Amino acid sequence: MSNAPRSLVGPDYFGYYSSEVVELLSQDEDAFSVATQTSELPHNKYEEGRKKNLVNYSDNSGPLYSNGVGAGLSDFKKDRLRSLLRQSVKTLSSEVDEVVDPVLTTQHLQSGLRKHSVNHAATASDVVKVPSKKRKVSSSSSAQTSDVNPQCSNKVSDDLQFLLENDNVEVEEMVKKCSNELSETLGYMEQRLELLLDAVTSKCRPMTLGEKQQLQKLIQKLPSGNLDRVAEIICRSRPAEELSCDKIFVDLEKEDNATLWRLYYYVEAVEKAKSLSCNQEA
């Protein structure tokens, strides 16, 4: 957590919980106690249990992708892992919400600066269109779905107009500094999230043949805009020389287990986002 960016306001809770997850999963189980219990079982019971476990991993008798996380962990560690993951998701969502407004404001300022640079011969009042304060909101529903509060937008436009009229260089430096800090914060969040996902998927059970085949179908149904992220996930485990190729050939049978689960959870996230969007529109 010491590497958290200075722009990250308040304690780095997500960094803390994700570090706890990584530490938990890096600890070895007490293999000695497990081995002792196994050796005390009758030979026929031990073989029966071993074969049963092999069947569970190789057939499709159960629901696909069930009990994927935490393979080989004790019940205590699984409960601890679930608790930490819930806290991680909760805190990350909260931290992302905190930077949404600054990101939108920075985008608005950058848009105003671009207009000013293109129309440098015009006056600032012609460049920045300030919405009329008498302008009516079309409906309550549209106001709820708007990305930027109209009053906040008016205030930003007023401030930007004033600054452009007095010191355009100062505005550019301010926006650049703000943009860099936000990029640093978001980059740090992404880095911590990647470490968390790598740690979790490294402890997932082997994916079955049926699950791999189903995953192939799910990927094929993804919108084209999401395939770039699929390529990024796959390329993370590829040698550097393969990344220079223009085309990526994917064979899920040959991908490592962690990559397969990363792909599955990404597909699931896309589907849940689509469902949430449809419910909000309805």
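In a reduced charge model with +1 at each Lys and Arg Cβ and -1 at each Asp and Glu Cβ, segment 207-282 shows a dipole moment near 200 debye about its Cα centre. By the beta-carbon count within 10 Å of each Cβ, the least crowded to most crowded order of Ser88, Ser74, Ser179, fewest first, is Ser74, Ser179, Ser88. Note that segment 70-117 carries a Kirkwood radius of 13.8 Å, evaluated over its alpha carbons pair by pair. So if the hydrodynamic radius of segment 207-282 is defined as the Kirkwood radius over C-alpha pairs, what does Stokes-Einstein give as its diffusion coefficient at 25 °C and 0.890 mPa s, in µm² per second? Rounded, D is 182 µm²/s.
A Förster radius of 45 Å combined with the Cβ-Cβ distance from Lys177 to Asp28 puts the calculated FRET efficiency at roughly 0.45. Here the Karplus curve 6.51 cos²θ - 1.76 cosθ + 1.60, taken at θ = phi - 60°, turns the phi angles of segment 64-69 into couplings of 5, 6, 7, 6, x, 8 Hz, with x standing for Gly and Pro.
Grab the Cα-Cα distance for Glu271 and Ser94, subtract it from 0.36 nm times how many residues apart they are, and report the gain in nm with one decimal.
Length gained, Glu271 through Ser94: 61.6 nm.
Per residue, the Cα convex hull of segment 184-244 amounts to 131 Å³. Working from Cα pairs under 8 Å separated by at least six residues, relative contact order for segment 207-282 is 46 percent. Taking a point 7 Å from the Cα of Val250 along the Cα-to-Cβ direction, the residues of segment 200-233 with backbone N closer than 13 Å to it are 212-233.
Bear in mind that the values in this text are calculations on the coordinates, not laboratory data. All of these numbers come straight from a predicted model, not from anything done at the bench. Cβ atoms come from the backbone with ideal geometry, glycine included; neighbour counts cover every protein chain shown.
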